[in-house]
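Okay, structure first, notes after.
Here, each number is a calculation from the coordinates, and none is a lab measurement. Model, not experiment: these values are computed from the prediction. Every residue, glycine as well, gets a Cβ built from its backbone with ideal geometry; the counts of neighbours run over all protein chains shown.
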Amino acid sequence: MPYYDSIAGGYNELHGEEQLNKLSIIKKSIKINKKMKILDVGCGTGISSDFGCFAVGVDPSLGLLNHNSHLKILGAAEALPFKSDSFDYVIAVTSIHNFNDMLQSISEMYRVGKKNFVFSVLKKSRKFYVIKSAIKNNFKIKKEIEEEKDMIYLCYKTAQ
């Protein structure tokens, strides 16, 4: 993640407002209580990790994580260092298109999540339709929300 390491100091200035807007939409769309556990995959500076409950973020960019005041772990979405069914919600806000192996990442998020998932996908990404298809193939989409730059998918696990 050399690109994100190089812009880490200005990331919140560059993308903070749009990330906070997406987070606001997500918070209004899901029900969170203080006892829940959330995993924020591709957490970056931690903007999308603020839910008022136990939340941990994972990101491969040490530069971004150095600007993250929340609980975070240096790691990749393709190999999440958590037990299966560990989190009440797994979220990925505008990050899936950056993963090295998107399908493996989706499989890993599915594995560590108990039931509920939120994916925010950049509409202008060249990978948008591949990501959307992978989400639809692995999860039941409860709701789609069109945001200015992203599509937000509220999903859950189907019976295994």
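Could you pull out the pairs from K37/K124; K124/K157; K31/K127; K28/K140 whose alpha carbons sit more than 24 Å apart here?
Correct reply: K37/K124; K124/K157; K31/K127.
The gain in end-to-end length when the Q104 to N33 segment is fully stretched comes to 22.6 nm, 0.36 nm per residue minus the alpha carbon separation. Averaging over all projection directions, the Cα-based convex hull of segment 92-160 occupies 4.2 nm² in the image plane. Entry note, the chain: relative contact order of 18 percent, from Cα contacts under 8 Å with a spacing of 6+ residues. Using the Cβ-Cβ distance between Y129 and Y156 with R0 set to 30 Å, the FRET efficiency works out to roughly 0.85.
Given +1 at the Cβ of Lys and Arg, -1 at the Cβ of Asp and Glu and no other charges, the dipole of the chain around its Cα centre is 840 debye to the nearest 20. Expressed per residue, the C-alpha convex hull volume of the chain stands at 104 Å³.
Binning the C-alpha pair distances of segment 10-100 at 5 Å intervals from 0 yields a P(r) profile of 3, 14, 26, 27, 20, 9, 2, 0 %, listed from the shortest bin outward. Calculated mean residue ellipticity at 222 nm for the chain: -9500 deg cm²/dmol, from DSSP H runs with n ≥ 4 weighted as -39500 (n - 2.57), summed, divided by the residue count and rounded to 500.
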